[in-house]
Amino acid sequence: MSCNHHPAVESLLQHASGKTSGLQHLMIRLHCKVCDHCDKVVTEFESLGGETLESLSDTPLQVGAFQALMKRIQSNADVTEVDSNRSDYAHLIEKILGREGKADKLNWHWRTKRFAEIPLPTEDKGFDAKLIYFKKGMKVPRHTHRDKEYTLVLSGAFSDDSGEYKRGDYVYKTSHDEHSPVATSDCICLAVTTQPLKFTGTFGPVLNWFLN
């Protein structure tokens, strides 16, 4: 299966070269599990990187190179341990994406009769993560974004002025985007933001005060 909305090529390249971590790594990895196209792109980038390493000619090591390498390996090991600790929910998200999870049994915080969320723990500085549940027909008030918003559709679908987003779609919005998403079926998403949303409709000021 291939999706209609994908991470930027630059993001896929960073992912293939091991330069993504935490939430970004999780979202791209899960997208690639569903999107054949992006999975192929990442595999090709990884293969290209391996061929480039094999083509490098042997050169003498600088003094202290081995010690520096060991220090870097130890540093990466520490980061991996932290990532695993702050991604305890990754397995749950993966099960929802794979349609194996009992999403309706989760401890949802219902904001309205048709909208619920679960805040997710994260140590990614400057990022806020949530699982969001929209009942079919739920319309999110019109808003823009103070900074960046990343959304991965785990199940169901929603639409906005730019089209429809289904299972596995990776959606990236910035302060230049304004929309009012509508759930076209019961929909669960992983949403990551770097700043609170900015509601712009008639009741925008009230919503900004109440929700943010």
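Only the coordinates and a few stated rules stand behind these numbers; no lab work does. Quick caveat, the model's predicted, so the values are computed rather than measured. Reconstructed Cβ throughout: ideal geometry from the backbone, glycine too, with neighbour counts over all protein chains shown.
Tabulated data
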read-out: Some residue of the range 183-190 being polar (S, T, N, Q), in contact (Cβ under 8 Å) with a residue 40 or more places away in the chain, touching a Ser or Thr at 6+ places or on another chain (Cβ under 6 Å) and buried (at least 16 other Cβ atoms within 10 Å of the Cβ); value: yes
read-out: Failed condition for Asp169, given (1) touching a helix residue (DSSP H, G or I) at 6+ places or on another chain (Cβ under 7 Å); (2) under 16 Å from His6 (Cα atoms); value: (1)
read-out: Those residues of the range 113-138 which are within 25 Å of His91 (Cα to Cα), without any contact (Cβ under 8 Å) to a residue 24 or more places away in the chain and either assigned to a loop (DSSP other than H, G, I, E, B) or small (Gly, Ala, Ser) (or both), in sequence order; value: Ala116, Lys125
read-out: Test set (1) more than 24 Å from Arg29 (Cα to Cα); (2) out of contact with any Gly (no Cβ under 6 Å at 6 or more places or on another chain); (3) touching a residue at least 24 places away in the same chain (Cβ under 8 Å); (4) in a loop (DSSP other than H, G, I, E, B) - Pro141 fails condition number; value: (2)
read-out: Close pairs (6 angstrom Cβ cut-off, 6 or more residues apart or separate chains): more than 17 Å from Tyr150 (Cα to Cα) in the range 26-42, aliphatic (A, V, I, L, M) and in a helix (DSSP H, G or I) anywhere; value: Val41/Leu12; Val42/Leu12; Val42/Ala16
read-out: Within the range 131-140, tally of residues that are surrounded by fewer than 17 Cβ atoms within 10 Å (Cβ to Cβ) and under 16 Å from Asn107 (Cα atoms); value: 1
read-out: Scope the range 151-170; condition surrounded by fewer than 21 Cβ atoms within 10 Å (Cβ to Cβ) and assigned to a strand (DSSP E or B); matching residues; value: Ser155, Ala157, Ser159, Asp160, Gly163, Glu164, Lys166
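Yes or no, residue by residue, for (1) of a type in the set (A, V, I, L, M, F, W, C); (2) buried (at least 19 other Cβ atoms within 10 Å of the Cβ):
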residue	(1), (2)
Ser2	no, no
His6	no, yes
Glu10	no, no
His15	no, yes
Leu23	yes, yes
Lys33	no, no
Val42	yes, yes
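To keep it simple, each residue is scored yes or no on (1) farther than 25 Å from Asp160 by Cα; (2) in a helix (DSSP H, G or I).
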residue: Ser2; (1), (2): no, no
residue: His5; (1), (2): no, no
residue: His15; (1), (2): yes, yes
residue: Gly18; (1), (2): yes, no
residue: His25; (1), (2): yes, yes
residue: His31; (1), (2): no, yes
residue: Lys40; (1), (2): yes, yes
residue: Glu44; (1), (2): yes, yes
residue: Leu48; (1), (2): yes, yes
